[in-house]
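Please treat every number below as a calculation from the coordinates, not as lab data. Predicted model, so just to flag it, every value in this text is computed and none were measured. Don't worry about glycine lacking a Cβ; one is built from the backbone with ideal geometry, like all the others, and counts go over all protein chains shown.
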Amino acid sequence: MYDLTGFQRDLLYVVAGLDDPHGLAIEGEPEDYYKKEIHHGRLYPDLNILVERGLIQKSQQDQRTKEYSTTRRGIREIEARTEWEAEYIDHDG
């Protein structure tokens, strides 16, 4: 995960956290976080990078809708990142 951009890492977390991770639902989450519109020309190439790296997988929900899910490798990467962050961040306040 160290070689992902911050935006790609955020997308991985969003895909892992959504109940129905399809394109428009994924797009809305970073827009809320970043407080700006995320264009398809940025979103889908970064999702494809995550697919190519084996962190998420893509399937066709219907003719127009792509659905994404986190792979086992993606979950392991999130867990490893969380453990690494915990070494440096006091979560108990």
How about the range 3-46: which GluC sites (Glu not before Pro) there are in a DSSP loop, with at most 15 other Cβ atoms within 10 Å of their Cβ?
Glu37
Hand me the chymotrypsin sites (Phe, Trp or Tyr not before Pro) from the range 27-93 located in a DSSP loop with no more than 16 other Cβ atoms within 10 Å, in residue order please.
Tyr88
Calculated Rg and Dmax of the chain using C-alpha coordinates, Å:
13.7, 47
Between Glu79 and Asp20, how high is the FRET efficiency from 1/(1 + (r/R0)^6) when r is the Cβ-Cβ distance and R₀ = 30 Å? Nearest 0.05.
0.85
HN-Hα J in Hz across the range 35-43 - Karplus 6.51, -1.76, 1.60, θ = phi - 60°, x for Gly and Pro:
6, 7, 5, 9, 7, 4, x, 9, 5
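Rounded to two decimal places and with Rh computed the Kirkwood way over Cα pairs, what is Rg over Rh for the range 1-52? Working shown, then result.
Details: Rg = 10.2 Å, Rh = 11.1 Å.
Rounded to two decimals, Rg over Rh is 0.92.
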